[in-house]
1. Which percent of the accessible heavy-atom area of segment 96-185 goes to carbon and sulfur, probe 1.4 angstrom?
2. Near Lys182, which lysines are there with a Cα under 19 Å away, not counting those fewer than 8 places off in the same chain?
3. Please report the Cα spread of segment 32-78 along all three principal axes, rounded to whole Å, starting with the longest.
4. Which number do you get for Rg(Cα) / (2.2 N^0.38 Å) in segment 74-185?
5. Based on the Cβ-Cβ distance of Phe51 and Arg185, what FRET efficiency does E = 1/(1 + (r/R0)^6) give at R0 = 35 Å, to the nearest 0.05?
6. If packing is taken as the mean number of other Cβ atoms within 10 Å per residue, what is the order of 93-102, 52-61, 119-128, 22-31, highest first?
7. Which number comes out as Rg/Rh for segment 137-185 once both Rg and the Kirkwood Rh are worked out on C-alpha atoms?
8. Whole angstrom only: what separates the Cα centroid of segment 139-158 from the Cα centroid of segment 54-80?
Amino acid sequence: MMNTPRNQFIVRGVRSASELTECLTLERSYLTDHVWQMDVRDEHGEVSVRFRSARLPRLVEVEYPRDAVALMHLWRKCDCFLVALAEELILGYVNVRIRPGEQGAWVEDLVVNTPFRRHKIGSALLEQASEWVQKNGLRHMMLAVPTKNHPAISFAQANGLVFCGYNDHYFPNQDIAVFFAKDLR
């Protein structure tokens, strides 16, 4: 396994279809021992929604909410696709899409291959994506994360994104998404 301190990898735009194919081979599943549990109450005309971190009884492996076909479909519509590389090996990727009529961009996917997680690769990808969003004159960046993906929720918060909403049945697998945003002004 290659050790990849931050100064030993680069982030750049994807350059070929073969690099996209290589991105499909990265491990997208993750392990978690926490989830964000949602509680909705509708009492006396007042609706309240609460999320709280709940510990699971055991460590669980969770599949990524999009399969290869869904990923390729998204990638054809993305506006920015960046990869992190070390010695020509793709360690991770991020793809960003501008939705018409919005003042911001959405991080559609941010994946770091399992052996290279926790080496600041995801943070570097997010930082470069933020710079791209700013260069394109947009004001904020959004990220949707499944409530089951506690590592990604912690990552978003550690990188300055703040909770700003949710959508039930957002992902193709019908998982709940919690949204995080970062103001880039």
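1. Values: 2080 of 4300 Å².
Of all accessible area on segment 96-185, carbon and sulfur atoms account for 48 percent.
2. Lys120, Lys135
3. Principal-axis extents of the Cα atoms in segment 32-78, largest first: 46, 32, 13 Å.
4. Details: Rg = 13.6 Å, N = 112, 2.2 N^0.38 = 13.2 Å.
Its radius of gyration relative to the 2.2 N^0.38 Å reference: 1.03.
5. Working: r = 27 Å, r/R0 = 0.76.
Computed FRET efficiency for Phe51 and Arg185: 0.85.
6. Details: 93-102: 17.3, 52-61: 9.5, 119-128: 20.2, 22-31: 15.5.
Ranked from most to least packed, the peptides come out as 119-128, 93-102, 22-31, 52-61.
7. On the way: Rg = 11.1 Å, Rh = 11.1 Å.
Radius of gyration relative to Kirkwood radius: 1.00.
8. With segment 139-158 and segment 54-80 each reduced to a Cα centre, they are spaced 13 Å.
The values are calculated or read from the model by the stated rules, or taken from the named source; none is laboratory data. Just so we're clear, the structure is a prediction, and the values are computed from it rather than from any experiment. Using ideal geometry, Cβ is built from the backbone for each residue, glycine included, and neighbour counts are taken over all protein chains shown. We work out accessible area using only protein heavy atoms, side chains counted, and drop any ligands, DNA or RNA first. Shrake-Rupley method; radii C 1.70, N 1.55, O 1.52, S 1.80 Å.
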